[in-house]
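To start, the structure itself, in structure tokens.
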Amino acid sequence: MLFIRAFIEVYTNRIFLIGLPGVGKTYAAKLLANELNVPFYDLDSLIEQQKGKAIAVIFEEVGEDGFRKIEADILFSYFNSNQSFVMACGGGTPCFYNNMEYMNQSGLTVYLIDYLDTIAQRLVKEKAQRPLIAKLTNENILPYLQELRAKREPYYLQAHIIVDGETQLAEKLKLFIAG
Ligand code: S3P
């Protein structure tokens, strides 16, 4: 706790939200950015803007490896600025290159969690925009998420803070910040 307080004193306004696809990172990041009065960034949207293409098209053209390189390059370009922001990362962002290590060094990382069946229900409705999920049947989304979480948690669990349920986020961080 003391560590987190000290950390926030240095990096209060640079926050990276991480977690599985569909957990609500974008929603929570917008809420928090608004709360802290700093810019909100969505890493997927930054990639789409810079490349002028949808994530699904980038996956088709350069595959997942190519996408991960682009993702890391764009993420890294934000480490060098002194700017405050709240960034919603892509679900896979912490798990490639040294992304998690650098996010931990450059800001406060928050791992957002929720029940997998809640996330699965959300993803059934939003499949099309997510190339790794679009190919799954609705019944396969939950087992896919179970497997994905097991693979990714070694990275996600390196976050400074773990928050359950998207609505708790702003409240919990406000408490930390108020110290
Ligand atoms: C991905 C999640 C997506 C996006 C890309 C890959 C992943 O972001 O970055 O489709 O590997 O889990 P969201 O978590 O916002 O869906």
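Just a few scattered comments:
- Residue order for Thr118, Thr26, Thr137, Thr93, fewest other beta carbons within 10 angstrom first, comes to Thr137, Thr118, Thr26, Thr93.
- Sites Asn80 and Ala54, calculated FRET efficiency, Cβ-Cβ separation with R0 25 Å, nearest 0.05: 0.40
- Pairwise centroid distance, computed over Cα atoms, of segment 19-62 with segment 90-108, Å: 14
- Cα radius of gyration and Dmax for segment 1-139 (Å): 15.3, 46
- At most 14 other Cβ within 10 Å, DSSP loop - chymotrypsin sites (Phe, Trp or Tyr not before Pro), segment 53-150: Tyr115
- Applying 1/(1 + (r/R0)^6) with R0 = 22 Å to the Cβ-Cβ distance of Ser45 and Lys125 gives a FRET efficiency near 0.70.
Read the figures in this text as sums done on the coordinates, not as results from a lab. Please read all numbers here as calculations on a predicted model, not as lab measurements. Cβ coordinates were reconstructed from backbone atoms using ideal geometry, including for glycine residues, and neighbour counts include every protein chain displayed.
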